Amino acid sequence: MVLIKEFRIVLPMTVEEYQVAQLYSVAEASKNETGGGEGIEVIHNEPYTQEECGQSMYDGTQIKDGQYTHKIFHLASKVPAFIRWLAPKGSLEVHEKAWNAYPFCRTVVTNPDYMRENFEIKIESWHIADDMGELENVHKLPPELLAKREVIRIDIANDPVGNKDYKREEDPKLFHSEKTGRGPLTNDWKKAARPVMCAYKLVTVKFKWFGLQNRVEKFIQTGERRIFTNFHRQVFCWIDKWYGLSMKDIRDIEDKTKHELDKKRQDGEVCGTTAD
């Protein structure tokens, strides 16, 4: 099974702001998802060169210098019950390796200890300024992959959010930024959004597990949309927390977060998003 889906998320901010916003929000969300032996463990977070990366995009262009991260996600309650029942103890860990050459980023998620070559999620992101999600082939996919790609548009203000995920303070229709004056977002907020940008997230999933492919396909389809929707609602509603931070500030926050995650994973309680 191979799935190719392109999520397009329009946001009322600049591409430069989003670089800081995304990294800040990843750090905060990681703390919200970690505790009681589960959650996120940061192994590496360091600069890399184009030569060290050695990877190309679909048109053959080399991925440029950037920041490399390697994280281990200790999942357990964060995967569906039918997978927890089938999978052996200790196998519910996935590794995430990312090469962030902003405004491009490639993230690869694998399960090297159990499913090995039978499971891979690849997320390739382009962040485009002054764009409403109308570029037909920003990733420069070849015709055979373009034919398989499904485009899914996410509206952070108007798309439904599950009761378990909804938080009033993270509702773009209610939030107003004191620092920037942006928000609340109305039903037709995109018409007047300035500044504006679009995150194009191409998700390619390779999965091979006899008897479970249809159920896992459905879980991935709904799970990715849920993650992208909730995360980008937070990115916008946390604007007064990240607005004005520098990249040096972000690296300091990431370093502090790594130590907090280690402590929470050992001592805290299970928290955050669950699959069931």
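The values are calculated or read from the model by the stated rules, or taken from the named source; none is laboratory data. Everything numeric in this text was worked out from a predicted model, so none of it was measured. Neighbour counts run over all protein chains shown; Cβ positions are idealised from the backbone, glycine included. Note: accessible area is taken over every heavy atom of the protein model, side chains too, but ligands, DNA and RNA are not part of it. Shrake-Rupley method; radii C 1.70, N 1.55, O 1.52, S 1.80 Å.
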Taking region 127-150 as the region of interest, how many residues are outside any loop (DSSP other than H, G, I, E, B), open to solvent by less than 80 Å² (accessible area, probe 1.4 Å) and free of Cβ contacts under 8 Å to residues at least 24 places away in the same chain?
1
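For every residue, the table says whether it meets (1) assigned to a strand (DSSP E or B); (2) modelled with pLDDT under 95; (3) open to solvent by 20 Å² or more (accessible area, probe 1.4 Å); (4) hydroxyl-bearing (Ser, Thr, Tyr).
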site	(1), (2), (3), (4)
10	yes, no, no, no
13	no, no, no, no
16	no, no, yes, no
51	no, no, yes, no
83	no, yes, yes, no
91	no, yes, no, yes
98	yes, no, no, no
Residue 186 meets each of (1) touching a residue at least 40 places away in the same chain (Cβ under 8 Å); (2) touching a Lys or Arg at 6+ places or on another chain (Cβ under 9 Å) with one exception, condition (1)
So residue 44, is it on the phi < 0 side of the Ramachandran plot, open to solvent by 10 Å² or more (accessible area, probe 1.4 Å) and touching a Lys or Arg at 6+ places or on another chain (Cβ under 6 Å)
no
Name the residues in region 110-126 that are without any contact (Cβ under 8 Å) to a residue 40 or more places away in the chain and buried (at least 18 other Cβ atoms within 10 Å of the Cβ), would you?
110, 111
Qualifying residue in region 36-44 (condition: farther than 30 Å from residue 212 by Cβ and modelled with pLDDT under 90)
no
Output yes when any residue across region 21-32 is buried (at least 19 other Cβ atoms within 10 Å of the Cβ) and not in a helix (DSSP H, G or I), and no when none is.
no
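Do we find that residue 63 is in contact with a His (Cβ under 9 Å, 6 or more places away or on another chain) and at pLDDT 95 or above in this structure?
no
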So, residue 172, is that one without any contact (Cβ under 8 Å) to a residue 12 or more places away in the chain and under 22 Å from residue 224 (Cα atoms) or not?
no
